[in-house]
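To start, the structure under review is shown below, and the notes come after it.
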Amino acid sequence: MKKREKIIVWIDENWDIMDRTMEPLRKDGFDVFTFYSGGEAFEEKDLLRRACLIIVDPFGIDENNLCDFELLEKILMDEEIKAFVVIFTSPAHFYTHSKDRFKNYGVKDIIIKAIFPTRFKQRIEEILDTY
């Protein structure tokens, strides 16, 4: 990884349920900051700018009834945010939305939530190695 802080921003309304998935990354020195909604994360824009990776499940709704997919688009279109973006979602959401649609927005990869933490870490490292 070239000159990027080891910061991961994770936006998912169920992050607390899936938190164990991030343990191998934390053990490897990554700081993982968690947010329940995109609106909440976007209030920490400096953190989004410093992150090397933003992990999003874009199918949640925040307290203002704003779809996280809209905020995902906002993050991807923000020229000050250079982090790679990965979608981490359930199989049901993955199959009902086109992979190409996400790739056209600049999403680096889509990872299905039914994954072992060590395999998740490996996929993230592969993505970050392309910096």
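Summary of values
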read-out	value
In the stretch 41-59, the residues that are surrounded by fewer than 20 Cβ atoms within 10 Å (Cβ to Cβ) and among the β-branched types (Val, Ile, Thr)	none
Pick from the stretch 48-74, criterion in a loop (DSSP other than H, G, I, E, B) and farther than 29 Å from GLY29 by Cβ, ranking: modelled with the highest pLDDT	PHE59
Count of the stretch 1-54 residues which are under 13 Å from the mean Cα position of the chain (by Cα), under 13 Å from ILE124 (Cα atoms) and not β-branched (Val, Ile, Thr)	4
Pair list, Cβ < 7 Å and 6+ apart or interchain, from the stretch 102-131 residues that are exposed (fewer than 15 other Cβ atoms within 10 Å of the Cβ) to residues that are assigned to a loop (DSSP other than H, G, I, E, B)	TYR131/MET1; TYR131/LYS2; TYR131/ARG4
The stretch 6-40, residues that are more than 19 Å from PRO58 (Cβ to Cβ) and surrounded by 18 or more Cβ atoms within 10 Å (Cβ to Cβ)	ILE7, PRO24, LEU25, PHE30
In the stretch 75-131, residue modelled with the lowest pLDDT [restricted to those that are among the β-branched types (Val, Ile, Thr) and assigned to a strand (DSSP E or B)]	THR89
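The values are calculated or read from the model by the stated rules, or taken from the named source; none is laboratory data. Every value quoted in this text rests on a predicted model; they were computed, and no experiment measured them. Ideal geometry is used to build each Cβ from the backbone, glycine not excepted, and the neighbour counts take in all protein chains shown.
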